[in-house]
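Notes for the one structure printed next.
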Amino acid sequence: MADKLNDLAGRMGKAPKGLGLGVKLLAAGAAAAYGVQQAMYTVDGGHRAIMFNRIGGIQDYTQSEGLHFRMPWFQYPIVYDIRARPRKITSPTGSKDLQMVNISLRVLSRPDTLNLPQVHKELGQDFDEKVLPSICNEVLKAVVAKFNASQLITQRQQVSLLIRKQLTDRAKDFNIILDDVSITELSFGKEYAAAVEAKQIAQQEAQRAAYLVEKARQEKQQKIVQAEGETAAARMLGEAISQNPGYLKLRKLTASKKISATIAQSQNRVYLNAGSLLLDVANPSFDLGINATAKPTDEAMPQ
């Protein structure tokens, strides 16, 4: 093995002088290119970078998007995504009237670009994982405890605005900006849902009972009005008959017409008294009872 290495070294020593210089220049160029590559880095859109110095630690400035330079090995960048990231947080809490409420929030958060070095020192790149669950639960429990279960539904917009305001102020203490806070789900426990359903059923039954009472009252009033109308009609009819018996004659003629039509359509032979069936309209006795009901007029009254 040693003989082979000596032989290789001898051959290299016999190589032309220009070849060694070329290899050295090529190595120097490659080293320079590698150094330049390591000295440059790019910050993509929607990102910011902070610089870590091996002597001074995290620097107090933030670098924006674009191409930047650094000292290889001595410095290296830490890139942060400053775009808003959604996060859903669910918290069971109690209302003012001691009802259990399950409320869910959708939060859009991003770090404060002016304080990125402070965020990295205190929280790190997973700042949202460390901060948002705790402060969201704290704010939700504090706000929901101010409202009754029914108010959480009827005053949902006011509840949402109050949660957003308190949560935004709380997140500023950690250099976190909240672009949007919205309530995505609001539900109650089984006991409350059963109580609401029972209340609705009771209200529906009360409304139905009131409807039945009102219906009976209207029917009673209708019967009274109908009876009064029938009484007035009977009185007017009696007065009209007493003054002019022609109406009774007309009714008897109508009845005679119906009786004759019925007998005519019958397949059986009928032998009856014409007077009893009101068919003998030509007989003077046909109008005898009618004339007797009429009141005597002034001309017919004896002097």
With all distinct Cα pairs included, what does the Kirkwood hydrodynamic radius of the range 100-206 come out to in Å, to one decimal, could you say?
15.7 Å
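Output the peptides 163-176, 72-85 sorted from most to least packed, where packing is the average of other Cβ atoms within 10 Å over each peptide's residues.
Working: 163-176: 17.4, 72-85: 14.3.
In decreasing order of mean packing, 163-176, 72-85 become 163-176, 72-85.
If R0 is 25 Å, what FRET efficiency do you get for Glu197 and Arg87 from their C-beta distance, rounded to 0.05?
0.15
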Among all the lysines, which ones have a C-alpha under 28 Å from Lys199's C-alpha, if same-chain residues fewer than 8 places away are not counted?
Lys96, Lys141, Lys146, Lys190, Lys215
What ranking do 63-69, 221-227 get when scored by the average of other Cβ atoms within 10 Å per residue, highest first?
63-69, 221-227
Between Glu205 and Tyr76, how many nm apart are label points set 7 Å from Cα along the C-beta direction?
7.4 nm
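Any read-out appearing in this document is the output of simple, stated calculations on the displayed coordinates, not a laboratory observation. Every value quoted in this text rests on a predicted model; they were computed, and no experiment measured them. Glycine also receives a Cβ, built like all others from the backbone with ideal geometry; neighbour counts cover every protein chain displayed.
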